[in-house]
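One structure below.
The values are calculated or read from the model by the stated rules, or taken from the named source; none is laboratory data. Just so it is clear, the model here is predicted, and its values are computed rather than measured. Cβ placement follows ideal geometry from the backbone for every residue including glycine, while neighbour counts extend to all protein chains displayed.
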Amino acid sequence: PQSLKERLAELIPKEKENVKAIRAEHGAKAFGQVTVDQVYGGMRGLPALIWDGSVLDANEGIRFRGKTIPECQELLPKAEGGTEPLPEALFWLLVTGEVPTPEQTQAISAEWAARAEIPKFVEELIDRCPPTLHPMSQFSLAVTALNHDSAFAKAYQNGISKSEYWGPVYEDCMDLIAKLPAIAGRIYRNVYGDGKLPAIDPTKDYSWNLAHLLGFADKEAFIELMRLYIVIHSDHEGGNVSAHTGKLVGSALSDPFLSYAAALNGLAGPLHGLANQEVLLWVMKMRAQVGEDPSDEDIKNYVWATLKSGQVIPGYGHAVLRKTDPRYMAQRAFALKHLPDDPLFKLVGQIYNIAPGILLEAGKAKNPWPNVDAHSGVLLTYYGLDQMQFYTVLFGVSRAFGVAAQLIWDRALGAPLERPKSYSSEAIKKMFANK
Ligand code: AMX
């Protein structure tokens, strides 16, 4: 069957024509006004980026190339005996907009397994990190160091023509995704285990190998969880901190390793990817205070106490979404299927019934509903992965899929250096004086 790279080579000229036609027809049209408040307000709602892999609807949530999460669960090829979609297939979908065949999906599994090994010096770099260094910092260091073997950086030094950038960027992106399990597994085993790692099995899929490197491949449901987890965390359109950072840094023609390491540093913030760690910490603190089987009243009081102390309720709210995140619902459905009686899942469900009402009553958050991070820690904990500081690393493995897909397209379509305009408050005052 046709490989992903071959398919891309066919699609790129067509997409170039498509973009040319869009710009010829609509290029001079305006989206609308930009207000001063938007410039001060973290650019909410400001149309500013092209991102092809996914688009987020405020009410409906994410669609990957037009497909909802349930549609992806139905349409994308699965592992033998599995029911969750394979992330390999999702990557094909993100890159091409097409659903791959099982053979094409399997070819990606094999290709990633073949590219999975990391250079010895990167292993040593990870091994030299003190276990007290946050796993996300170790992750970002290691991904930065992969730039040592970047095909794109080398090709650029050798004077590659702009029209050919996408080829080595594609190679780097495939290497990047392929090597993340080995990095994540090594960090996990160093910080929480004895530092010894098993070998990758070239006959198995990406999620099996990730679970294997972490030490959980004996649990079929955990492997299925990894498949679902990677699919739903992969992409959330272009404006979120990690995706936008990856694209921005890539626009300077930094190679995909440097671009994605920058994205990881943004993912490591508590308002973004670190929220999955924060949620579990918060729930555990709640449990320590109110016990295993709290009343609704206990939970209400705890949520209010968090808000009154000036902290956020982690896992709730979103910059764009205005309804319950379908990524939360997908994880809830997984829990209902695999761990319906787990006490921590029940507690999270109880919080889901209570926290939105309180956030509404408090009246500040524009979205009182849970996001993806409100649920993921409970599932991981159930299978024994209870080291919360590691959670964002798994998010980081997954988010590479969305960022990599866009990096390939940005270089294929010749996306320019990003350079938006900034203003000082003084300049704004002058600009609008007497207006
Ligand atoms: N708990 C308490 N207050 C919240 C809140 C929450 N979960 N969500 C929003 N608010 C507050 C904001 O802090 C802000 O307060 P301020 O006016 O005093 O500054 C006010 O409500 C308005 O904020 P908003 O417009 O609704 O949200 P935003 O777009 O500025 O921020 C987000 C979005 C996600 C950072 C915010 O909802 C939040 O901090 N949530 C908790 C952290 C979290 O779960 N992050 C993960 C998001 C998903 C992801 O990226 N992985």
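Remark: pairs (first residue in region 310-329, among the acidic types (Asp, Glu); second residue more than 9 Å from the ligand (Cβ to nearest atom); Cβ separation under 9 Å; 6+ apart in sequence or on different chains) = ASP325/GLY61; ASP325/ILE62; ASP325/TRP369; ASP325/HIS375.
To keep it simple, each residue is scored yes or no on (1) in a helix (DSSP H, G or I); (2) closer than 20 Å to ASP342 by Cβ; (3) more than 24 Å from the chain's Cα centre (by Cα).
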{"position": "VAL249", "(1), (2), (3)": "yes, no, no"}
{"position": "LEU253", "(1), (2), (3)": "no, no, no"}
{"position": "LEU280", "(1), (2), (3)": "yes, yes, no"}
{"position": "VAL283", "(1), (2), (3)": "yes, yes, no"}
{"position": "ASP293", "(1), (2), (3)": "no, yes, yes"}
{"position": "GLU297", "(1), (2), (3)": "yes, no, yes"}
{"position": "TRP304", "(1), (2), (3)": "yes, no, yes"}
{"position": "ILE313", "(1), (2), (3)": "no, no, no"}
{"position": "VAL320", "(1), (2), (3)": "no, no, no"}
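Does LYS364 satisfy the condition of being surrounded by fewer than 21 Cβ atoms within 10 Å (Cβ to Cβ) and over 30 Å from ARG23 (Cβ atoms)? When the stated conditions are applied, LYS364 passes them. Looking at region 386-399, which of its residues are within 15 Å of the ligand (Cβ to nearest atom) and not β-branched (Val, Ile, Thr)? Hits for region 386-399 are MET388, TYR391, LEU394, PHE395, GLY396, SER398, ARG399.
Pairing each residue of region 393-419 that is of a type in the set (A, V, I, L, M, F, W, C) with any residue that is not in a helix (DSSP H, G or I), provided the two are 6+ apart or on different chains, yields C-beta distances under 7 Å for PHE395/GLY273; PHE401/SER234; PHE401/ASP235; ALA405/GLY53; TRP409/ASP52; LEU417/ALA252. Does ARG332 satisfy the criteria of being surrounded by 20 or more Cβ atoms within 10 Å (Cβ to Cβ), of a type in the set (Lys, Arg) and out of contact with any Cys (no Cβ under 9 Å at 6 or more places or on another chain)? Spelling it out, ARG332 is indeed surrounded by 20 or more Cβ atoms within 10 Å (Cβ to Cβ), of a type in the set (Lys, Arg) and out of contact with any Cys (no Cβ under 9 Å at 6 or more places or on another chain). Here THR324 meets the list (1) assigned to a helix (DSSP H, G or I); (2) over 29 Å from VAL143 (Cα atoms); (3) more than 8 Å from the ligand (Cβ to nearest atom) almost entirely, failing just condition (1).
The listed residues are GLU71, GLU15, and the only one of them that is in a helix (DSSP H, G or I) and in contact (Cβ under 8 Å) with a residue 60 or more places away in the chain turns out to be GLU15. Among the residues of region 380-387, at least one is in contact (Cβ under 8 Å) with a residue 12 or more places away in the chain, at positive phi and in a loop (DSSP other than H, G, I, E, B). Of the residues making up region 400-435, just one is at positive phi and either modelled with pLDDT of 95 or more or within 16 Å of the ligand (Cβ to nearest atom) (or both), namely GLY414.
Just checking, does region 256-265 include any residue being small (Gly, Ala, Ser) and within 10 Å of the ligand (Cβ to nearest atom)? There is no residue in region 256-265 that is small (Gly, Ala, Ser) and within 10 Å of the ligand (Cβ to nearest atom).
If I ask for residues that are among the aliphatic types (A, V, I, L, M) and surrounded by fewer than 16 Cβ atoms within 10 Å (Cβ to Cβ), which ones from region 111-132 would you list? ALA114, the sole residue that qualifies.
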